[in-house]
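**Q** The structure that follows is given in the form of structure tokens.
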Amino acid sequence: MIGNLYLSHSQDSIPNYQHEIALNTTYLLADASAYLVYENRFDKKFSAGAGLWYGRYGINSKDFTDGFSDGTRDYEITPFARWYVRGTQRTSFFIQGFASIYGGRYDGISRETTAAGFGVYRRGINNYTNLALGAAIGQEFLLFKKRVSLELVFGLGGDLSGQEYYYDWGISIAQSGINIGYRF
């Protein structure tokens, strides 16, 4: 009996909350954009999910004069896989691999071919779509009977097309922020 009592208190009993929906508060506060994350836990150590980001520059926006660049990023879809190093304890360190499909518009010069076969350069608004791969690390804290999660995530990725770079380092995408989620 004493052994059973000890085992029931020594193990970190984990409710079976397999699904989680989270909101990245950093994006929300920084530029009024929404980044929603869905995660499905397969077991104590592995999960997969997807994030969906929609920026403040929508389809009808013509504002490219924000002082930082001549383009906008309008959407991003980010599937990911996570490995929880310590399982789903009250606090867990994780390593994440992700892909990012994102797109937007830029005001730039493009080369076009006329009907007569001549190449001309035109300035205008063009659409783009890119694919990036990256990795992230993070820490998850489970609160309120393990129903609410708080995650700190930092990750970087690079384009496979090699066209869009924030800096000369080849980094084109960042998966970082503070996520607040609900597990069910």
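The values are calculated or read from the model by the stated rules, or taken from the named source; none is laboratory data. Predicted model only: the values in this text are computed from it and were never measured. Please note: Cβ atoms are built from the backbone with ideal geometry, for glycine as well, and neighbour counts cover all protein chains shown. Surface areas here come from the heavy atoms of the whole protein model, side chains and all, with no ligands, DNA or RNA. Shrake-Rupley method; radii C 1.70, N 1.55, O 1.52, S 1.80 Å.
**Q** Where the second residue is open to solvent by 20 Å² or more (accessible area, probe 1.4 Å) and aromatic (Phe, Trp, Tyr) and the first is part of a loop (DSSP other than H, G, I, E, B) and at pLDDT below 55 and lies in region 155-184, which pairs have Cβ atoms under 9 Å and are six or more apart or on separate chains?
**A** That search, which allows pairs on different chains as well, returns 164/106; 164/128.
**Q** Out of region 120-143, which residues are open to solvent by 40 Å² or more (accessible area, probe 1.4 Å) and farther than 23 Å from residue 50 by Cα?
**A** Result: 120, 121, 122, 123, 125, 127.
**Q** Being farther than 28 Å from residue 16 by Cβ and either at pLDDT 90 or above or aromatic (Phe, Trp, Tyr) (or both) is the requirement here; does residue 84 meet it?
**A** no
**Q** Here is a follow-up. Working only within region 144-156, note down all residues that are open to solvent by 70 Å² or more (accessible area, probe 1.4 Å) and of a type in the set (S, T, N, Q).
**A** Scanning region 144-156 gives no hits.
**Q** Shifting gears a bit: Where residues in region 37-48 are within 16 Å of the chain's Cα centre (by Cα) and surrounded by 16 or more Cβ atoms within 10 Å (Cβ to Cβ), which of them is nearest to residue 84 (Cα to Cα)?
**A** 47
**Q** Kindly list the number of the only condition in (1) open to solvent by less than 40 Å² (accessible area, probe 1.4 Å); (2) modelled with pLDDT of 90 or more; (3) under 12 Å from the mean Cα position of the chain (by Cα) that fails for residue 77.
**A** With respect to (1) open to solvent by less than 40 Å² (accessible area, probe 1.4 Å); (2) modelled with pLDDT of 90 or more; (3) under 12 Å from the mean Cα position of the chain (by Cα), residue 77 is out only on (1).
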